[in-house]
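First up is the structure itself, then whatever we jot down about it.
The values are calculated or read from the model by the stated rules, or taken from the named source; none is laboratory data. For clarity, every value in this text was computed on a predicted model and none was experimentally measured. Because the Cβ atoms are built from the backbone with ideal geometry, glycine has one as well, and the counts that use them run over all protein chains shown.
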Amino acid sequence: MPVIYLETFIEAPIERCFDLARNVDIHTKSAKGTDEKAIAGVTEGLLEVGDYVTWEATHLGVKQRLTAHITAMNKPDWFIDEMVSGAFHSFIHTHRFEEFDGVTLMIDQFIYKAPFGLVGSIANVLFLKRYMHRFLHTRAIALKDIAESS
């Protein structure tokens with residue numbers, strides 16, 4: 001299964017970064033290029049373990065819905081969301097945070113399986129992995145900008 005791994009250094013306390021990363025309203029702002037919005041489950045505020053959220057967004061020119069479940073959390077060090085339904089065959093997104101002298105290292109590990117079997121595997125090689133890397137990187141930079149702005 002493909003893995004996307006990103007590290008982002010943020011000049012803000014770990015608690016702030018952790019809370020921003022699980023904030024539905026901030027997620028919407030950080031994914032504005034896809035018109036992403038929460039339409040069911042938790043639709044505002046902070047996500048907690050056990051919560052579900054359904055996102056609606058336009059990716060690759062197609063309006064899609066994806067439901068994620070927050071399956072585990074250890075505040076303020078990490079949390080995991082897993083796809084329940086959506087365009088992927090499956091995904092697990094681990095969000096980790098480590099603090100060093102007031103600077104937080106935010107680590108995204110996105111493990112996924114493309115849909116549609118062999119066709120999905122080919123699409124992954126041709127464009128999907130690059131697209132998802134760019135999407136997650138854009139979100140991480142937006143979160144960094146928000147965390148460092150106050």
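Is there a residue in the range 82-93 that is within 18 Å of K144 (Cβ to Cβ) and of a type outside the set (F, W, Y)?
First pass over the range 82-93, keeping only residues within 18 Å of K144 (Cβ to Cβ): 93.
Imposing the further condition that a residue be of a type outside the set (F, W, Y) reduces the set to 93.
There is at least one residue in the range 82-93 that is within 18 Å of K144 (Cβ to Cβ) and of a type outside the set (F, W, Y).
If F91 passes every condition in (1) out of contact with any strand residue (DSSP E or B) (no Cβ under 9 Å at 6 or more places or on another chain); (2) under 20 Å from T54 (Cβ atoms) but one, which one does it miss?
Of everything listed in (1) out of contact with any strand residue (DSSP E or B) (no Cβ under 9 Å at 6 or more places or on another chain); (2) under 20 Å from T54 (Cβ atoms), F91 misses just condition (1).
Out of T8, T67, which single residue is farther than 30 Å from D101 by Cα, of a type in the set (S, T, N, Q) and touching a strand residue (DSSP E or B) at 6+ places or on another chain (Cβ under 7 Å)?
Residue meeting the stated conditions: T67.
Got a number for residues in the range 117-150 being of a type in the set (K, R) and not in a helix (DSSP H, G or I)?
0
From the residues in the range 94-121 that are over 19 Å from I4 (Cα atoms), among the β-branched types (V, I, T) and at pLDDT 95 or above, which one is surrounded by the most Cβ atoms within 10 Å (Cβ to Cβ)?
T104
Does A31 satisfy the condition of being crowded, with 17+ Cβ neighbours inside 10 Å, within 16 Å of R139 (Cα to Cα) and modelled with pLDDT under 95?
yes
Return the total of residues in the range 37-93 being surrounded by fewer than 17 Cβ atoms within 10 Å (Cβ to Cβ), hydroxyl-bearing (S, T, Y) and more than 21 Å from F116 (Cβ to Cβ).
Number satisfying all stated conditions: 3.
Residues E82, E148, E98: which one is among the charged types (D, E, K, R), closer than 21 Å to E36 by Cα and touching a residue at least 12 places away in the same chain (Cβ under 8 Å)?
E82
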